[in-house]
Amino acid sequence: MPETFEEFVEKERERLTQARKDAETQLQEVQDKIADIDREFEAIKAYEVVKAGTAQKGAAASKEPGQRARRGERQQEILDLIGQHPDGLTRSEILERLGIKGDKKAEASISNALNNLKKTGRLGSEGKRYILA
């Protein structure tokens with residue numbers, strides 16, 4: 001017996017839902033691989049800094065003086081960091097892990113990024129802890 005149009009639409013909806021879930025899984029795997037590669041780059045950069053004998057003060061010090069982070073770079077850095085901590089992180093913990101505690105300009109940048117991520121619904125909070133939305 002031929003299927004009705006409603007049955008066809010329902011099957012198509014189920015197929016598309018599964019295809020979307022599969023694509024999201026693949027996307028997460030690719031993002032994880034990119035994060036792993038970025039961590040390896042950071043390790044190489046840290047090694048080069050130590051070998052050169054200069055101190056590096058957090059992620060912000062990897063930039064030339066006066067050079068700004070690209071648009072959205074800080075926010076992505078925060079999302080990646082919080083993504084590694086399912087229970088979330090406080091602002092202070094974020095600053096410590098990024099190695100910028102005490103750098104007022106960098107701290108302000110993180111505060112602005114946290115506020116923007118919260119406003120856009122990409123971050124939530126539980127008490128003082130920021131969590132992925």
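Things to note:
- Nearest-ten-degree value, helix 104-119 long axis tilted from longest Cα axis of the chain: 10 degrees
- Relative contact order (%) - criterion: Cα under 8 Å, at least six apart; region: the chain: 21 percent
- The chain: angle of helix 73-83 to the longest principal axis, Cα-based, in degrees nearest 10: 70 degrees
- Local charge for Glu93 was computed over the other residues whose Cβ lies under 11 Å away, with Lys and Arg +1 and Asp and Glu -1, and equals +3.
- Net charge dipole size for region 1-56 [Lys, Arg +1 and Asp, Glu -1 on Cβ; Debye, nearest 20]: 400 debye
- Within a straight-line Cα-Cα reach of under 27 Å, Lys21 can be paired with the following lysines, leaving aside sequence neighbours fewer than 8 residues apart in one chain: Lys11, Lys33, Lys118, Lys119.
- Neighbour-count ranking [beta-carbon atoms within 10 angstrom, fewest first] of Ile82, Ile34: Ile34, Ile82
- For Leu89, residues with placed amide H under 5 Å, excluding near neighbours: Tyr130
Where a number appears in this text, it was derived from the coordinates with a stated rule and is not lab data. What you are looking at is a predicted structure, and each value in this text was computed from that prediction instead of being measured. Neighbour counts run over all protein chains shown; Cβ positions are idealised from the backbone, glycine included.
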